[in-house]
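A quick write-up on the structure given underneath.
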Amino acid sequence: MCKLVLFLLMAWGSLTLIMAAKRSFNLVIYNVTCNKYAKRITRFDCTHRKVSTGCYSSDYSIMLDQTLDKDADLQFLVTFIPMKGAKLVKFLDVKINICDALSQSNSSPLLKSLLEEFKKKSDLPNGCPVKGGYLYSVANYSVDSTTLPPYAPILTFNCTVTIFEHNKRIASIRTMGATVPRL
């Protein structure tokens with residue numbers, strides 16, 4: 001019985017240490033760019049601002065001239081270069097149907113947390129159709145250092161979300177940033 005109690009105390013102590021792991025980095029967002037590649041996007045705007053150290057907020061708005069095709073896709077591409085590396089690493093490259101992205105959660109933990117925050121802060125529908133002639137917006141979409149796991153290395157990254165319709169790129173949001181050592 002004594003061994004069991006000792007084991008449980010050690011396990012609890014280890015779990016507490018793991019959960020209390022401090023991030024040795026801050027998140028820095030250098031630039032957020034919205035690009036439209038098709039005339040059917042009548043408006044596409046994005047802004048970002050630093051709220052505090054390691055915390056950023058963004059606003060987006062998009063208007064289509066007609067309803068988005070139900071077979072349209074979203075591609076999430078995340079690449080990074082480690083601090084001590086010179087080679088670009090593709091971390092995530094996922095292409096999913098836009099209707100599925102709006103109506104379901106994704107299995108990738110990082111993608112899931114980003115999409116959940118996006119859904120909370122936007123007036124996008126919870127499924128198709130994504131109608132034309134309506135200005136959809138995302139207000140105060142926030143990311144901070146806790147968005148990334150505490151063991152994330154120091155690196156620079158590029159996260160691009162691209163919208164495809166009929167296999168043609170029609171719009172993208174590109175975020176460039178880094179994890180930097182906490183001073």
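The values are calculated or read from the model by the stated rules, or taken from the named source; none is laboratory data. All figures in this text were calculated on a predicted structure; none of them were measured in a lab. Positions of Cβ are generated from backbone atoms using ideal geometry, with glycine treated the same way; all protein chains shown enter the neighbour counts.
Miscellaneous remarks
- Any hit, region 78-97, residues being in contact with a Cys (Cβ under 8 Å, 6 or more places away or on another chain), aromatic (Phe, Trp, Tyr) and in a strand (DSSP E or B): no
- Checklist (1) crowded, with 17+ Cβ neighbours inside 10 Å; (2) within 19 Å of Tyr30 (Cα to Cα); (3) modelled with pLDDT of 90 or more applied to Ile154, failing item: (1)
- Within this structure, Thr162 passes the test of being polar (S, T, N, Q), crowded, with 17+ Cβ neighbours inside 10 Å and not in a loop (DSSP other than H, G, I, E, B).
- Flag for Val180 being within 12 Å of the chain's Cα centre (by Cα), in a strand (DSSP E or B) and farther than 24 Å from Ile41 by Cα: no
- Candidates Lys84, Lys112, Lys121, filtered to the one that is basic (Lys, Arg) and over 14 Å from the mean Cα position of the chain (by Cα): Lys84
- Any hit, region 42-60, residues being closer than 23 Å to Tyr134 by Cβ, free of Cβ contacts under 8 Å to residues at least 60 places away in the same chain and part of a loop (DSSP other than H, G, I, E, B): no
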